[in-house]
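Please treat every number below as a calculation from the coordinates, not as lab data. Remember, it's a predicted structure, so these values are computed and weren't measured experimentally. Please note: Cβ atoms are built from the backbone with ideal geometry, for glycine as well, and neighbour counts cover all protein chains shown.
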Amino acid sequence: MIVKICGMKTEEAALAAEAAGADLLGFIFYKDSRRYVAPERVKDISAGISHSRKVGVFVDAPISEVNEIAEFCGLDYVQLHGHEDEAYARQVARPVIKAYRYGDNFKA
């Protein structure tokens with residue numbers, strides 16, 4: 001099992017999640033989220049992370065922005081949580097985790 005804890009906003013939270021065994025730490029780059037964290041802050045928080053992998057969560061962001069933030073922050077993965085399609089995902093410069101919403105129109 002792989003454990004991802006999302007919504008990291010402070011170094012203390014990230015270190016606690018890592019100490020608890022989190023494999024992946026999620027950082028939200030969607031500005032409308034209450035859990036949004038600026039890339040500069042993520043870079044600072046990341047300095048103390050030793051083994052957990054960093055995941056940037058994006059929602060319908062321009063691909064150039066996703067790749068710039070991923071590079072700047074040293075992200076290990078990019079999670080797409082909006083309406084991004086396969087063609088979009090292929091342009092991401094990091095391994096992609098795609099979130100799907102389940103509902104009446106869900107197609108596997």
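How high is the FRET efficiency from ILE63 to MET1, r the C-beta distance, R0 35 Å, rounded to 0.05?
FRET efficiency, ILE63 to MET1: 0.70.
Counting pairs of alpha carbon atoms under 8 Å apart in space and at least six apart in sequence, what relative contact order in percent does region 4-98 give?
On the way: 170 pairs, mean separation 22.3, N = 95.
Relative contact order of region 4-98: 23 percent.
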- Mind checking which lysines have their C-alpha under 25 Å from LYS31, skipping anything on the same chain fewer than 8 residues away? LYS4, LYS9, LYS43, LYS54, LYS98
- State the extension gain, in nm to one decimal, for the chain segment bounded by ARG41 and ALA19, taking 0.36 nm per residue of separation less the distance between their alpha-carbons. 5.9 nm
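Over the chain, what per residue volume does the convex hull of the Cα atoms give, in whole Å³?
On the way: hull volume 12.5 nm³, N = 108.
It is 115 Å³ per residue.
Report, to two decimal places, the Cα Rg of region 29-89 normalised by 2.2 N^0.38 Å (N = number of residues). If you can, show how the numbers build up before the last one.
Numbers: Rg = 11.6 Å, N = 61, 2.2 N^0.38 = 10.5 Å.
For region 29-89, the normalised Cα radius of gyration is 1.10.
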- Pick from ALA20, ALA89, ALA61: which is most flexible by mean-square fluctuation in a GNM of the chain where alpha carbon atoms under 10 Å apart are linked? ALA20
- Helix 63-73: angle to the longest alpha-carbon principal axis of the chain, degrees 0 to 90, nearest 10? 10 degrees
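Among all stretches of the chain without exposed chymotrypsin sites (Phe, Trp or Tyr not before Pro) (DSSP loop, at most 12 other Cβ atoms within 10 Å), which one is longest?
Longest site-free region, per DSSP loop and neighbour criteria: 1-99.
May I ask you to derive the FRET efficiency for GLU12 and ALA99 from their Cβ-Cβ distance with R0 = 22 Å, giving the value to the nearest 0.05?
Efficiency computed from Cβ-Cβ geometry: 0.25.
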- Query: How about region 47-108: which trypsin sites (Lys or Arg not before Pro) there are in a DSSP loop, with at most 10 other Cβ atoms within 10 Å of their Cβ?
  - Reply: ARG101, LYS107
